[in-house]
Amino acid sequence: MFFEQLGGNLIQGIVLGAVYGMATMGLSLIFGVLKVVNVGHGAFIMVGAFLTLFLFSSLGINPIIAIPVAFIVGMGLGLIFYYTTIRKLIKAPELATLLATFSIGVLLEELVKLIFGSEFRGYNWVVGKIDLGITVLPMSKLYACIGSVLIAVLLYLWFKKTRAGSAIRSVVEDSEGARVCGINVGWAYALSFSLGIGLTVASGVLLTMFIPVGINPYMGGAYTLKAFVIAVLGGLASPYGAFFGGLVFGLIENGSYTLFAYIPGVEPFALTRFLSFVILLVILLIRPTGILRAK
Amino acid sequence: MKQTQKYFPLIPLFAAYLFMFLLAENKEGMWQLMSMLLFYCALGQAFNVFMGMTGYVDFGYVAFMGVGTYGMALSITRLVQYEFLGAWILVIGFGLAMAMSTLLSMAVGAVALRLRGAYFAIATIGVNEGFRFLIEGARIWNGSEGMIFTADLNKILGRETAAALCTYWADIMVLAIAALAGFVSLVYMRSKIGYALTALREDEDAAKVMGINVTKFKIIAFITSACLAGLLGATAWALKTPYVFPPEVFDIHYTIEAIIIVMLGGAGTLLGPLVGGLVYGISKYYLSIFLPGFQLLIFAPVILVIIVLFPEGIVGMLKAKTKGTGMERFVI
């Protein structure tokens with residue numbers, strides 16, 4: 001009984017973890033290339049979620065089509081914020097970019113609140129479910145998981161096979177060296193930032209499949225924290241590390257939920273949120289460069 | 001600089017607080033606005049001790065106010081049965097608030113202060129949420145139901161004194177905390193701690209090479225700032241409104257406001273949090289009348305503009321303007 005429940009939750013954890021991983025790749029990409037921590041990360045996920053909600057509820061557009069739409073909107077937002085603020089702060093002390101990305105997050109939250117209001121919303125995309133014996137998996141979650149893996153693979157191929165991808169990788173290795181070799185570093189920064197934001201907004205679409213009625217302007221804060229745990233698990237600067245970090249985190253979250261549910265008198269959901277904070281501190285304490293990354 | 005001249009900048013600071021107090025005392029209907037302004041000034045002054053002086057930003061700052069609120073709440077609700085303690089319960093409450101915020105800041109600082117810049121910010125961003133979910137999840141201190149202790153406070157002090165405490169004395173205590181935080185900031189700025197922190201803020205590696213124990217000074221500033229936050233939570237929240245709910249006292253909203261106030265006024269200056277607190281508080285007050293709920297929508301882009309164009313804030317610019325004039329020694 002216990003093992004069935006645990007197994008079922010772990011399967012759910014892997015499915016959710018893949019989406020978590022994809023939702024963190026943008027954060028790691030931006031940190032890896034620009035050395036900027038996007039503290040407003042969760043707000044961009046929230047934008048993606050609202051975009052999905054709007055496209056689905058008002059225009060009847062399938063969430064799968066919302067993924068590329070969100071990606072393009074995100075790239076646009078990324079370019080706007082890069083050229084208006086981030087570009088001017090790259091050379092400034094770290095405090096400046098931290099506060100700037102944080103303010104961008106607050107700005108997005110308040111804008112969305114102005115348009116959609118602050119109550120919790122959701123939508124219902126019925127595409128059936130599959131019974132795995134120990135757990136029932138809605139097809140929408142499965143699609144989200146497949147979508148995440150596909151996007152991660154595409155990003156990997158883009159980095160490995162295209163000139164732009166190699167240019168960005170060279171900037172990650174050594175931005176001065178890249179500049180000497182004739183790479184337009186400013187352009188690589190702009191592209192990486194908008195790509196990172198695009199991925200993050202697109203991940204908001206995928207995450208809505210896991211939160212039936214959890215779409216709210218302030219939903220992002222929880223994902224910012226989770227994304228930091230995941231990014232630090234994977235080594236902060238590596239998008240692929242982040243993807244695997246997401247899988248691990250999904251397993252930890254759902255596995256610990258199953259265990260906490262057996263402790264009488266506690267609220268297991270709140271404890272999993274506390275646990276993610278503890279994991280963050282422990283990793284930062286013992287190995288800030290990431291658990292999953294080989295030295 | 002002569003010994004007494006060192007403390008000249010306290011004159012405009014304390015004069016402003018005194019003026020605010022007298023205005024609120026004597027002018028009908030000003031008290032509510034003034035108590036809000038004092039809260040924001042105190043919040044800014046306390047936050048500035050760490051963020052302004054070190055250039056590190058603590059996104060989980062509100063957690064220290066939260067545990068301070070719990071410190072006061074716990075001593076009131078748990079000690080109310082020992083009647084002989086009387087009003088000493090409040091003194092114990094302040095002690096507990098300071099002790100709890102200090103302990104939490106030491107625990108967080110032990111991990112976070114070993115890390116630099118971005119990693120520090122990442123380590124602190126979940127502190128408030130983490131602590132909130134620990135209280136709710138493990139159901140300690142009444143869990144998510146929180147605590148309401150108006151009745152206990154009435155029992156300890158008598159109905160009338162308790163009412164006076166909530167509506168009047170709590171605000172006076174917030175004023176005292178704002179002044180204390182300002183005083184501590186200046187003492188730090190004028191001592192070895194301040195010089196070390198300035199060196200650290202400008203270039204941490206260079207400061208280290210010059211033999212400054214940067215970690216020690218970071219910890220001092222971090223704990224001081226947290227302790228002041230604990231006191232602020234114990235007064236402005238626990239005594240002014242005698243209840244505590246985890247989602248309210250760990251709300252990141254207050255960290256956002258602290259950042260706005262400090263950046264607006266000028267990080268690392270003494271008068272900055274006062275100016276920032278007044279500007280933010282007054283705008284919030286009038287915005288809540290004309291455009292309720294819009295203050296963050298307006299202030300978020302304002303902060304972006306400040307970070308990009310005027311990173312030194314209002315007082316920072318004043319400081320540059322008054323350089324070389326007689327006003328110089330008052331503005332810092």
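Is segment B:26-33 home to any residue that is free of Cβ contacts under 8 Å to residues at least 24 places away in the same chain and aromatic (Phe, Trp, Tyr)?
no
On the basis of being in contact with a Ser or Thr (Cβ under 9 Å, 6 or more places away or on another chain) and at pLDDT 90 or above, does residue A:178 make the cut?
Considered against the rule, which asks whether it is in contact with a Ser or Thr (Cβ under 9 Å, 6 or more places away or on another chain) and at pLDDT 90 or above, residue A:178 comes out as no.
I need every pair where a residue in segment A:211-240 that is within 26 Å of residue A:121 (Cβ to Cβ) has its Cβ under 9 Å from the Cβ of a residue that is polar (S, T, N, Q) and surrounded by fewer than 22 Cβ atoms within 10 Å (Cβ to Cβ), sequence separation at least 6 or different chains.
Short answer, once both residue conditions are applied: A:212/A:124; A:216/A:118; A:217/A:118; A:218/A:118.
Give just the number: which of (1) within 14 Å of chain B (Cβ to nearest Cβ); (2) out of contact with any helix residue (DSSP H, G or I) (no Cβ under 7 Å at 6 or more places or on another chain); (3) within 28 Å of residue A:4 (Cα to Cα) does residue A:245 not satisfy?
In the conditions (1) within 14 Å of chain B (Cβ to nearest Cβ); (2) out of contact with any helix residue (DSSP H, G or I) (no Cβ under 7 Å at 6 or more places or on another chain); (3) within 28 Å of residue A:4 (Cα to Cα), residue A:245 misses (2) alone.
Might you let me know whether segment A:135-142 holds any residue that is assigned to a loop (DSSP other than H, G, I, E, B) and either at pLDDT 90 or above or farther than 22 Å from residue A:30 by Cα (or both)?
yes
Against the conditions (1) in a helix (DSSP H, G or I); (2) closer than 26 Å to residue A:216 by Cα; (3) modelled with pLDDT under 95; (4) more than 10 Å from chain B (Cβ to nearest Cβ), where does residue A:71 fall short? Just the number, please.
In the conditions (1) in a helix (DSSP H, G or I); (2) closer than 26 Å to residue A:216 by Cα; (3) modelled with pLDDT under 95; (4) more than 10 Å from chain B (Cβ to nearest Cβ), residue A:71 misses (3) alone.
Taking the condition surrounded by 24 or more Cβ atoms within 10 Å (Cβ to Cβ), within 12 Å of chain A (Cβ to nearest Cβ) and in contact with a helix residue (DSSP H, G or I) (Cβ under 8 Å, 6 or more places away or on another chain), does residue B:262 pass?
So residue B:262 fits the description; yes.
Can you name every residue in segment B:301-322 that is within 14 Å of chain A (Cβ to nearest Cβ) and aliphatic (A, V, I, L, M)?
Matches in segment B:301-322: B:302, B:303, B:304, B:305, B:306, B:307, B:308, B:309.
Being closer than 30 Å to residue B:170 by Cα and polar (S, T, N, Q) is the filter; apply it to segment B:191-241 and report the residue that is surrounded by the fewest Cβ atoms within 10 Å (Cβ to Cβ).
Restricting to residues being closer than 30 Å to residue B:170 by Cα and polar (S, T, N, Q), the top hit is B:241.
Of all the residues that make up segment A:259-291, how many are buried (at least 19 other Cβ atoms within 10 Å of the Cβ) and either within 17 Å of the chain's Cα centre (by Cα) or more than 11 Å from chain B (Cβ to nearest Cβ) (or both)?
Selection size over segment A:259-291: 5.
So is residue A:47 farther than 26 Å from residue A:171 by Cα, within 13 Å of the chain's Cα centre (by Cα) and away from chain B (no Cβ under 14 Å) or not?
Spelling it out, residue A:47 is indeed farther than 26 Å from residue A:171 by Cα, within 13 Å of the chain's Cα centre (by Cα) and away from chain B (no Cβ under 14 Å).
Listed here are the residues, each with its yes/no results for (1) outside any helix (DSSP H, G or I); (2) under 16 Å from the mean Cα position of the chain (by Cα); (3) under 27 Å from residue B:144 (Cα atoms); (4) in contact (Cβ under 8 Å) with a residue 40 or more places away in the chain.
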site: B:227; (1), (2), (3), (4): no, yes, yes, yes
site: B:231; (1), (2), (3), (4): no, yes, yes, yes
site: B:256; (1), (2), (3), (4): no, yes, yes, yes
site: B:260; (1), (2), (3), (4): no, yes, no, yes
site: B:263; (1), (2), (3), (4): no, yes, no, yes
site: B:270; (1), (2), (3), (4): yes, yes, no, yes
site: B:297; (1), (2), (3), (4): no, no, no, no
site: B:305; (1), (2), (3), (4): no, no, no, no
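Quick check on segment A:143-169: of everything there that is under 20 Å from residue A:12 (Cβ atoms) and not aliphatic (A, V, I, L, M), which residue is surrounded by the most Cβ atoms within 10 Å (Cβ to Cβ)?
Top of the filtered list is A:148.
Would you mind listing the helices (runs of 4 or more DSSP H) fully within segment B:79-144 where at least 2 residues are more than 14 Å from residue B:250 (Cβ to Cβ) and at pLDDT below 90?
In segment B:79-144, the matching helices (runs of 4 or more DSSP H) lie at B:88-112, B:117-125.
Go through (1) crowded, with 17+ Cβ neighbours inside 10 Å; (2) within 12 Å of another protein chain (Cβ to nearest Cβ) and name the single condition residue B:298 misses.
Condition not satisfied by residue B:298: (1).
Results for (1) of a type outside the set (Lys, Arg); (2) farther than 30 Å from residue B:198 by Cβ; (3) crowded, with 16+ Cβ neighbours inside 10 Å, shown as yes or no for each residue.
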{"site": "A:47", "(1), (2), (3)": "yes, yes, yes"}
{"site": "A:72", "(1), (2), (3)": "yes, yes, no"}
{"site": "A:75", "(1), (2), (3)": "yes, yes, yes"}
{"site": "A:98", "(1), (2), (3)": "yes, no, yes"}
{"site": "A:107", "(1), (2), (3)": "yes, yes, yes"}
{"site": "A:110", "(1), (2), (3)": "yes, yes, yes"}
{"site": "A:126", "(1), (2), (3)": "yes, yes, no"}
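If you check residue B:325 against the conditions, is it away from chain A (no Cβ under 12 Å), without any contact (Cβ under 8 Å) to a residue 12 or more places away in the chain and surrounded by fewer than 22 Cβ atoms within 10 Å (Cβ to Cβ)?
Criteria met by residue B:325.
Would you mind telling me which numbered condition in (1) under 19 Å from residue A:70 (Cβ atoms); (2) of a type in the set (Phe, Trp, Tyr); (3) part of a helix (DSSP H, G or I); (4) touching a residue at least 60 places away in the same chain (Cβ under 8 Å) residue A:158 fails?
The single condition residue A:158 does not satisfy is (4).
Since residue A:204 meets every condition but one in (1) surrounded by 19 or more Cβ atoms within 10 Å (Cβ to Cβ); (2) more than 18 Å from residue A:66 (Cα to Cα); (3) not acidic (Asp, Glu), which condition does it not meet?
If we test residue A:204 against (1) surrounded by 19 or more Cβ atoms within 10 Å (Cβ to Cβ); (2) more than 18 Å from residue A:66 (Cα to Cα); (3) not acidic (Asp, Glu), just (2) comes out false.
For segment A:110-138, what are the residues that are away from chain B (no Cβ under 14 Å), β-branched (Val, Ile, Thr) and touching a residue at least 60 places away in the same chain (Cβ under 8 Å)?
Answer for segment A:110-138, where residues must be away from chain B (no Cβ under 14 Å), β-branched (Val, Ile, Thr) and touching a residue at least 60 places away in the same chain (Cβ under 8 Å): A:134, A:135.
Could you say which residue among B:148, B:177 is in contact with a Ser or Thr (Cβ under 7 Å, 6 or more places away or on another chain) and either aromatic (Phe, Trp, Tyr) or modelled with pLDDT of 90 or more (or both)?
One residue alone meets the criteria, B:177.
Say we look at segment B:110-148 and pick out the residues that are surrounded by fewer than 21 Cβ atoms within 10 Å (Cβ to Cβ), farther than 19 Å from residue A:270 by Cα and touching a residue at least 40 places away in the same chain (Cβ under 8 Å); which of these is nearest to the other protein chains (Cβ to nearest Cβ)?
Selected residue: B:117.
Could you tell me whether residue B:279 is more than 14 Å from chain A (Cβ to nearest Cβ), surrounded by 15 or more Cβ atoms within 10 Å (Cβ to Cβ) and without any contact (Cβ under 8 Å) to a residue 40 or more places away in the chain?
Criteria met by residue B:279.
Go through segment B:23-63 and count every residue that is small (Gly, Ala, Ser), assigned to a helix (DSSP H, G or I) and crowded, with 24+ Cβ neighbours inside 10 Å.
5
Which of the residues that make up segment A:83-109 are in a loop (DSSP other than H, G, I, E, B) and either within 10 Å of another protein chain (Cβ to nearest Cβ) or modelled with pLDDT of 90 or more (or both)?
If the condition is that a residue be in a loop (DSSP other than H, G, I, E, B) and either within 10 Å of another protein chain (Cβ to nearest Cβ) or modelled with pLDDT of 90 or more (or both), then A:92, A:93 are the ones that fit.
The values are calculated or read from the model by the stated rules, or taken from the named source; none is laboratory data. All of these numbers come straight from a predicted model, not from anything done at the bench. FYI the Cβ positions are ideal-geometry reconstructions off the backbone, even for glycines, and counts take in every protein chain you see.
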